[in-house]
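The values are calculated or read from the model by the stated rules, or taken from the named source; none is laboratory data. Quick caveat, the model's predicted, so the values are computed rather than measured. Note that each Cβ is placed from the backbone with ideal geometry, even for glycine, and that neighbours are counted across all protein chains shown.
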Amino acid sequence: MRILAVDPGDKNIGIALSDPTNTLASPLTIIKHLSRPLDAARIAALALENQVELILVGQSIDEEGLPSPQGRKAARLAAAIRDQTTIPIQLWDESFSTQSAKAASIEMNIPRKKRRGHLDNLAAASILQSYLDTLHDHNTP
């Protein structure tokens, strides 16, 4: 079973994919945001191409545990994806995914110029890795 993760943004949408054992998340691609229906169709197509069984959509949560304005946009994108596919969709807290992506890009020695604006797929991988780690924590005796 593979999982596709989505990091929705106003300009770009980061996409990441798990390995078949659901142990590691890897950045897959960045989609340029066009419109919610078109974005949802492209995400659903990527999910089918990669034979995923779950689509994880990152959702920002505020201090009170409620979706932020960006989090509500993520929920609307998740609903639009549901209209395009029968693959299950799950929202997942994306807190600190961009900061994790920045730290990872620094660790990989990616030059500052190249880091700018290219963190979306790394953020999606960070969201997915947090989900995978939680899965493995719950399955460990």
Residue by residue through region 5-37, note down the ones that are under 14 Å from Gln51 (Cα atoms) and within 9 Å of the chain's Cα centre (by Cα). Ala5, Ala16, Leu17
Can you give me the number of residues within region 16-61 that are among the small types (Gly, Ala, Ser) and in contact with an Asp or Glu (Cβ under 6 Å, 6 or more places away or on another chain)? 2
Scanning region 79-109 residue by residue, the ones that are at pLDDT 90 or above and in contact with a Leu (Cβ under 6 Å, 6 or more places away or on another chain) total 3
Scan region 11-39 for residues that are basic (Lys, Arg) and out of contact with any Lys or Arg (no Cβ under 7 Å at 6 or more places or on another chain) and jot them down. Lys11, Lys32
Within region 31-51, can one find any residue that is surrounded by fewer than 20 Cβ atoms within 10 Å (Cβ to Cβ), basic (Lys, Arg) and in a strand (DSSP E or B)? yes
For region 21-59, which positions are free of Cβ contacts under 8 Å to residues at least 12 places away in the same chain and under 17 Å from Asp133 (Cα atoms)? Thr21
